[in-house]
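See below for the structure under consideration.
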Amino acid sequence: MPIFLLLLPLIFEWLYLRDQENCWRRSFLLTGILFGILLTAITEFLTLFRWLTFSSVVIAWGGITLLLGLRYGRSRSAKFSSLPSQLANQMKGILRHPVYWFPLGSLVVITLIAGLVAIVAPPNTWDVMTYHLPRVVHWMQNQGVMHYPTSYLPQLYHGPFSEFSLTHLYLLSDSDQLVNLPQWSAMVGCLIGISLVAQGLGADGKGQLWAALVCATIPMGIFQASGAKNDYILAFWLVGLAYHLLRLQTQGMTFLDILLFGSCLGLALFTKGTAYLFSVPFVIWFAGISIKQHRQRSWQPILLVLLIAILINSGHYLRNFDLFGTPITTGGQERYSNEVINLASLVSNVVRNLSLHTLLPFDSPSNQWVEQSANFIHRIVGIAPNDPRVTWQGTQFFVPMLATRQWTEDLIGNPLHLLLILLSLVVLTVSPKIRNRTLLMGYSSALVGAFFLFCLLLKWQPWHSRLHLPLFVLFAAPIGIVLAHCWNMRLLVFSSLIALVVWAVPLSLNHPSRSLLSPPNVFTNSRISLYFQGNERLQQAYTSVVNSVDPTCQNIGLTLGPDIWEYPIWVLMKQRSAEPIRIAHINVQNPSARLANEEPYNRFVPCANVVLTSSTPNPAGMDADSGRRSLMLPSTQSKIEGSPAHQPTPVITPRA
């Protein structure tokens, strides 16, 4: 199966690096970073010649597999054969101590469940349907990741690394069966990487293992690990960034670690815009290390890191600059940043962002108490809780009584982990023994600074909790160290770990839209129905509108309203057609419209126009004058995963 062309290079490189580093965890982290660089380079190179096709991807990864395999095979180091015995010795050491059994077993169970869901369930969250996967299928159709005419600009300007990986998986498997695996792989990488970060901060074996367990049980992480978004992938690059920063601090400014730090920074920026905020404290820390160790030559490592980061992002920056006139943009459609920056706006956003993680999965008076407290704080600082200058357009702050089935991967909070973070910060502050660990204090301060910077600059949104995932992952290391520090209170420590696992396992089994147990689940429901799980009203409308298209029509035009699902159109159209079809946006009314006049988009002539809008149509059924057939879809009363107030209304317009 061609998909193994992505797996074999990873195995060969990990084995080789494990020999060089004599540490299987560090080798795993380095392998992930190298894979990210190779994936980016291959995709950008193939795009230059419009070669992003199945055959070219097979040749590229086949060649890399051959080269890495030959390098591994030619190595005569006796250490290669020591891997099984090394792992066996580590496992014996762990199994000798019953204190490790529960955390390690829980880690394995939660990770395997998330992996099973990732493979069995199709992608079905809102952003995945509106821009993550649509940009993938457009790239495959265009044979390159160049910008194209689209009604929804987030398909163009957002960081593309996650979708690069989805594109290669999609091409090699000829389906979306495996597109959830990058997020799950990033989860595994974060579990391994955060244990290394904890080790770098001075954690013993218990602290490292507990840091990994804390990371594995993050509710938002569990939900995202089986989906096709990009927050866990970003978390992996930031974990690598933090780990190599700690190495630079403790082991000196080696050229390799500077390269790896710059690569992690570049890949993080290449993945998601929030990396520009979360990485700032680490970059400042790196600059401080450089100045301290290199004095007058401190500009050299700083410049090298910036050049590496810019080089990784250069293709995307140039495409954005060519279309929008700036390398970093929101396309002029959306304003994410606060319109006022002062102490009141900062306090408002800190309170409201923290409140997203105080919700319990059952009706509780504490939810109402949190909302009342938040409103009281807003009155004190003199700012409205829904001030439009610091609140996403069309949203209002409130702390709802959430039922478990409404805990989507856009809205779920991490209340137990937030409590552990706050308690850990208190312990770090008041405990003289642990307070003197300057590296740990600096790391924790950097994370707090990243959160405050996030709140200072970005408008509050009710689905911000998913953007906080990298911070929760990075905070797992201090939590693990504090739990190990409090080991004399064994009952309290184990109660905390058990509570995390008892909370996490049911969540991993019962994802609201990708459940293994609750009917309809991923085994009893059809794959087409699972695409619409949680948004069932859309299935009949999308199916009807696709069935209304003439089966002989192979060029389908799309006219979309804002934030409308596009990917199901591709799935349903290709399912019913034995012939190759082409789908492209038409009637575009944004800066990407000028691309419609360029090759190859100017040669596209649609034989049907599928119109998806968020307005409720006149329920006339058939307009005799225009030949327009309208399919009415009832609107919903509440927003789901950031959806518009009205669900999309599909319309078919036959064209001459």
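Net length available on complete extension from Ile380 to Ser445 is 20.8 nm, with 0.36 nm assigned per residue and the Cα-Cα distance removed. Were the residues from Phe102 through Arg435 laid out at 0.36 nm apart, the gain over their Cα-Cα distance would be 117.0 nm. If R0 is 35 Å, the Cβ-Cβ spacing of Ser526 and Cys607 corresponds to a FRET efficiency of close to 0.75.
Based on C-alpha pairs under 8 angstrom that are at least 6 apart in sequence, the chain has a relative contact order of 17 percent.
Quick check: from the Cα gyration tensor, does the range 401-494 come out rounded (a/c under 1.5), prolate or oblate? The shape class here is oblate.
Please say if the range 1-41 is rounded, prolate or oblate, where rounded means a/c under 1.5 for a ≥ b ≥ c the square roots of the C-alpha gyration tensor eigenvalues, and otherwise the choice is prolate for a/b larger than b/c and oblate otherwise? Because a/c hits 1.5 or more and a/b fails to exceed b/c, the range 1-41 counts as oblate. Ranked by the mean number of other Cβ atoms within 10 Å of their residues, highest first, the peptides 535-543, 576-584 come out as 535-543, 576-584. Against the set (i) 14, 29, 27, 23, 8, 1; (ii) 17, 48, 29, 5, 1, 0; (iii) 18, 53, 27, 3, 0, the structure's computed P(r) over Cα pairs in 20 Å bins from 0, in percent falls on (iii). Here the range 212-304 is treated with +1 on each Lys and Arg Cβ and -1 on each Asp and Glu Cβ, and its dipole about the Cα centre works out to around 220 debye. Measuring nothing but how far apart in sequence close Cα pairs (under 8 Å, 6+ apart) lie, relative to its length, the range 481-623 scores a relative contact order of 22 percent. For Trp460, the residues whose amide H sits under 5 Å from its own are Thr391, Trp392, ignoring neighbours fewer than 5 places away on the same chain, with H placed 1.01 Å from N.
Couplings for the range 314-328, taken from phi via the Karplus curve 6.51 cos²θ - 1.76 cosθ + 1.60 with θ = phi - 60°, read 4, x, 5, 4, 5, 5, 5, 5, 5, 8, 10, x, 8, x, 10 Hz in order; Gly and Pro are left as x. Under 5 Å between amide hydrogens, built in the peptide plane, is the criterion, and for Leu558 it picks out Ala584, His585, Ile586, Val610 among residues at least 5 positions away or on other chains. Local charge for Ser175 was computed over the other residues whose Cβ lies under 13 Å away, with Lys and Arg +1 and Asp and Glu -1, and equals 0.
The mean sequence separation of alpha-carbon pairs under 8 Å and at least six residues apart, normalised by the residue count of the range 179-232, gives a relative contact order of 57 percent.
3J(HN,Hα) along the range 199-214, derived from phi through the Karplus expression 6.51 cos²θ - 1.76 cosθ + 1.60 where θ = phi - 60°, amounts to 4, x, 8, x, 6, 7, x, 4, x, 5, 5, 5, 4, 5, 5, 4 Hz, with x in place of Gly and Pro. Sorting 553-559, 51-57, 510-516 by average packing, meaning the other beta carbons within 10 Å per residue, from highest down gives 510-516, 553-559, 51-57. One decimal place: the segment Arg490-Glu598 gains 32.2 nm when fully extended, by the rule 0.36 nm per residue minus the C-alpha distance. When each of the peptides 118-129, 304-315 is scored by how many other beta carbons lie within 10 Å of its residues on average, the order from highest to lowest is 118-129, 304-315. In the chain, taking the dipole from charged Cβ atoms about the Cα centre, the farthest positive-side position among Cys215, Leu411, Leu439 is held by Leu439. The charge dipole of the range 433-536, taken about the Cα centre with unit charges on the Cβ atoms of Lys, Arg (+1) and Asp, Glu (-1), comes to about 320 debye, rounded to the nearest 20.
Using Cα centres only, tell me the gap between the range 136-189 and the range 202-229 in whole Å. Answer, in whole Å: 25.
In sequence order, the range 43-55 has phi-based couplings of 5, 5, 5, 5, 5, 4, 10, 6, 10, 6, 10, 4, 5 Hz under the Karplus curve 6.51 cos²θ - 1.76 cosθ + 1.60, θ = phi - 60°, and Gly or Pro positions carry x.
Readers should treat all values here as calculations from the given coordinates under stated rules, not as data from a laboratory. None of the values given here were measured: they were computed from a predicted structure. Positions of Cβ are backbone-derived with ideal geometry, glycine not excepted, and every protein chain shown enters the neighbour counts.
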